[in-house]
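See below for the structure under consideration.
The values are calculated or read from the model by the stated rules, or taken from the named source; none is laboratory data. Being a predicted model, the structure only gives us computed values, none of them experimental. Note that each Cβ is placed from the backbone with ideal geometry, even for glycine, and that neighbours are counted across all protein chains shown.
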Amino acid sequence: MRFSRDRRGQSVVVGTVILFGFLILALSLYQVQIVPQENAEVEFQHFEEVRNDMVELRAGILQAGTENRTQYETVRLGTSYPPRLFAINPPAPSGVLRTSDSYNITIEGESGDPVNISTRFIQYQPGYNEIDRSSTWYDASVLYLDVREEGGGIAVIEDQNLINEDGEVRITALQNEFRRSGTEQTTLDLFPADSVNQSIPEGNLTVTVPTRLSGEEYWNDADIPDDVYGGVSEADDNGVRNLTLNTTADNLTVDTVGVQEKPEAPTRVGNDGSGGDGSGGGDGGELNPGGSDSVLLSAAYTDATDDTRAVFRLRNPGTESRTLEEVRLFAYFGPTTGAAGGGSGEIEQQQATVVGTGDVVELRGNFIDLSPNVTIPPGETREITFDFPEAVTGDLIGVSFIDDRGVRSQYLSGIVEDPPAQFEVTITDMTSPVEEGETLDVTADVTNTGFEEETQSISLEVAGEVVDTIDVTLDPGQEQSVQLSWMTAAGDAGQYSVTVSSNDGLDQANVEVVAPGQPAGSVNVDEPVIANDGSFDVTTSDYLNLVEGSVVVENARTGDTTSFDVGETTTNVDTADIGGIQAGDEITATLYEDGGRTNELDRNTAVVEQLTYEIVSVNPTAAGGNDINVEFRINTNDPNAEVEVISLDGNENNDSGRIAVSNDQPQTVTIGGGNQADQVRVILYDESGNEVTRTTVPYS
């Protein structure tokens, strides 16, 4: 009998082996490529969190000394990766927070023995597996990221706080040994000293303060008066230098703060016993503020058409407009290289141009004026764009602003490629006024101006209380109208401010609830009222229980009045009837229940404006082919103003024709002639079609 080999099962086995091989390959690629990328994102998020913790720690040290009150600050030392079923994570990245060895602050007078007060630095050293492990240091009130060991420089997060603008020297010595490591959160108790047991010499003083920073790296460009700054010594074997300050006993205050226990040296050892206020030469102000009275950072991302442009989207959640008047670039570094601009870790992006104004901000330079200022009305957002020499995606950028109140705010954020979901809210209609016991409906448009789909809760708030909510899911660019309601009750009669808000934006309006049978209505002088206008409109609306009504319009300067009965919703008023108008006049319209003017229901005042026309900036850039994108900013209150954009090569080359000036500034017009043009001209026309101003800029 003859037997042959049976090969019927071989193909199944071979196929299984091949599939298994592909599976192993896929898992290997996932382990080698995807896992490190996802872990790097986790580490970068922790990097941003611990940076904010260090900013708070610095503020706590200064506050403990100046206010003589114990402070408690926390720092998250490390983080953890998400669990994985088919891949292996490296060990969770831990961190170390420690104080350095002790070094002396020396205060030497013209006679007598010098006074020594010990102080320490604070170092946070991360143990990341994927991104850069550069340390963050607190050093002589300066907070900075140190990438010098990797061949780079430093990236200052918070500037020096030793010397204020008046030349007063205020030193906070940090004492006691401290060291914690791991991935958990740790708390530092910061104790000021209770008693004074040393004194500062009288007269002129020389003060030396230990620092790890050289003059070239930081102190030469710090905001220190020349008569105070005495230079920085060479580094000793530990890399520590001495910063020399020339001052007097009257202008020197020294506070001491101990970590976890009382400090060795006294607090407030100034000659008059007074401490500093914590304000120094740095930016000051809150980092990424979150209060309702602050301008909030909604998002920071690259421009959709240019990855060298960082867009900071700012939102005003308050009830009053905020105007940003000055700007400063205080930090720039990358998430994976220790600093922006390549693997060397060197800070290469030393400046940026504010798009739309042409203002140039230098890294760690002085505040510069924003021209024009950026005003953010209540509940609205504005975008401020910074144009850098190189791409900014994934880098960390810090900018500071000073507003019209003199308040300084700092924003430090990673720059993402696409902006996240952004739900803007606009109130479009209300059923106000209503009688007590009736439902007041508020209609609003919700628009997702971001680049991601998201679901957010939209809420209606009355007198600080949320009375209705609705969940809305929107795709990028999608808009939806929503209606929210407030069921009023007996006793609710009165004027209310209502707010419709998302996570990102809000809009506010005034509503009225009246007692049953009570008349109501509103009146509004339609703005703008321009000085050379022959007439203007007054609008009446929201009538309830109003049988007869009259409106009186008065010019406060002339005292002249005119009146009309309530009828049409909009009434045109001749300026001659109120004695003529000029810039600065206050025009008040008052709505009464009847012609006898016995019961005032509402009033509204507008200030007469002078027509203004200004071409603030013109920025032409190549658009591809033979086209030019011309971005310009116009400042005018003429609603009928027009603009014309022309490319020039000695003669007029291409002309946009006259187009309306947009309410949203800046605006961009695309014209031809890019291959021939050497100049671009923008001409502004008034409502009568007369040229009022022009600007010509070079183009290459």
Problem set entry | Some residue of the stretch 385-396 being farther than 24 Å from GLN45 by Cα, of a type in the set (A, V, I, L, M, F, W, C) and assigned to a loop (DSSP other than H, G, I, E, B) | no
Exercise. Which of the residues that make up the stretch 397-427 are of a type in the set (D, E, K, R) and either in a loop (DSSP other than H, G, I, E, B) or at pLDDT below 85 (or both)?
Worked result: ASP404, ARG405, ARG408, GLU417, ASP418
For this session: Being buried (at least 16 other Cβ atoms within 10 Å of the Cβ), more than 26 Å from THR357 (Cα to Cα) and out of contact with any helix residue (DSSP H, G or I) (no Cβ under 8 Å at 6 or more places or on another chain) narrows it down to one of ALA606, ALA583, so name that one.
Result: ALA606
Exercise. Of the residues in the stretch 84-121, how many are closer than 26 Å to THR247 by Cα and part of a strand (DSSP E or B)?
Worked result: 11
For this session: For the stretch 232-248, state whether one or more residues are at pLDDT 90 or above, in contact with a Pro (Cβ under 6 Å, 6 or more places away or on another chain) and over 30 Å from ASN629 (Cα atoms).
Result: yes
Exercise. If you check every pair at least six apart or on different chains, which have Cβ atoms under 8 Å apart with a residue in the stretch 678-700 that is in contact (Cβ under 8 Å) with a residue 24 or more places away in the chain first and a residue that is part of a loop (DSSP other than H, G, I, E, B) and of a type in the set (Ser, Thr, Tyr) second?
Worked result: ASP678/TYR699; ASP678/SER700; GLN679/TYR699; VAL680/TYR699
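Against the definition (among the polar types (S, T, N, Q), assigned to a loop (DSSP other than H, G, I, E, B) and either in contact with a Ser or Thr (Cβ under 9 Å, 6 or more places away or on another chain) or not assigned by TED's automatic domain parsing to the domain that holds MET430 (or both)), how does ASN532 come out, yes or no? Write out each step before concluding.
Working: among the polar types (S, T, N, Q): yes; assigned to a loop (DSSP other than H, G, I, E, B): yes; either in contact with a Ser or Thr (Cβ under 9 Å, 6 or more places away or on another chain) or not assigned by TED's automatic domain parsing to the domain that holds MET430 (or both): yes.
Taking the combined requirement at face value, the residue satisfies it.
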Seminar exercise, completed: Among strands (runs of 3 or more DSSP E) entirely inside the stretch 129-195, those with 1 or more residues being in contact (Cβ under 8 Å) with a residue 12 or more places away in the chain, under 27 Å from the mean Cα position of the chain (by Cα) and assigned by TED's automatic domain parsing to the domain that holds TYR81 are 135-139, 142-146, 154-158
Seminar exercise, completed: Restricted to the stretch 646-681 and to residues being assigned to a strand (DSSP E or B), charged (D, E, K, R) and surrounded by 14 or more Cβ atoms within 10 Å (Cβ to Cβ), the residue modelled with the lowest pLDDT is ASP655
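Would you point out which residue out of VAL416, VAL442 is under 18 Å from LEU297 (Cα atoms) and of a type in the set (Val, Ile, Thr)?
Only one candidate qualifies: VAL416.
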Problem set entry | Pair list, Cβ under 7 Å, 6 or more apart: the stretch 455-468 residue without any contact (Cβ under 8 Å) to a residue 24 or more places away in the chain and assigned to a strand (DSSP E or B), other residue aromatic (Phe, Trp, Tyr) and surrounded by fewer than 18 Cβ atoms within 10 Å (Cβ to Cβ) | none
For this session: Could you check, for the stretch 630-644, whether at least one of its residues is basic (Lys, Arg) and under 35 Å from the mean Cα position of the chain (by Cα)?
Result: yes
Exercise. What pairs come up if the first residue lies in the stretch 613-633 and is at pLDDT 90 or above, the second is of a type in the set (Asp, Glu), and their beta carbons are under 7 Å apart, counting only those six or more places apart or on different chains?
Worked result: TYR613/ASP638; TYR613/ASP686
Problem set entry | Residue satisfying all of: in the stretch 429-470; buried (at least 17 other Cβ atoms within 10 Å of the Cβ) and among the small types (Gly, Ala, Ser); farthest from LEU544 (Cα to Cα) among these | GLY450
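Which one of THR449, THR488, THR443, THR439 is at pLDDT below 90 and hydroxyl-bearing (Ser, Thr, Tyr)? Give the steps one after another, and end with the answer.
Details: THR488 fails: at pLDDT below 90; THR443 fails: at pLDDT below 90; THR439 fails: at pLDDT below 90.
THR449 is the lone residue from the list that is at pLDDT below 90 and hydroxyl-bearing (Ser, Thr, Tyr).
Considering only the stretch 406-438, how many residues are without any contact (Cβ under 8 Å) to a residue 24 or more places away in the chain and either at negative phi or touching a Cys at 6+ places or on another chain (Cβ under 7 Å) (or both)?
Of the residues in that region, 2 qualify.
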Exercise. Which members of the stretch 373-384 meet the condition of being surrounded by 15 or more Cβ atoms within 10 Å (Cβ to Cβ), of a type outside the set (D, E, K, R) and assigned to a strand (DSSP E or B)?
Worked result: VAL374, THR375, ILE376, THR381, ILE384
Exercise. Which one is modelled with the highest pLDDT, of the residues in the stretch 196-213 that are in a loop (DSSP other than H, G, I, E, B) and over 25 Å from VAL240 (Cβ atoms)?
Worked result: GLY203
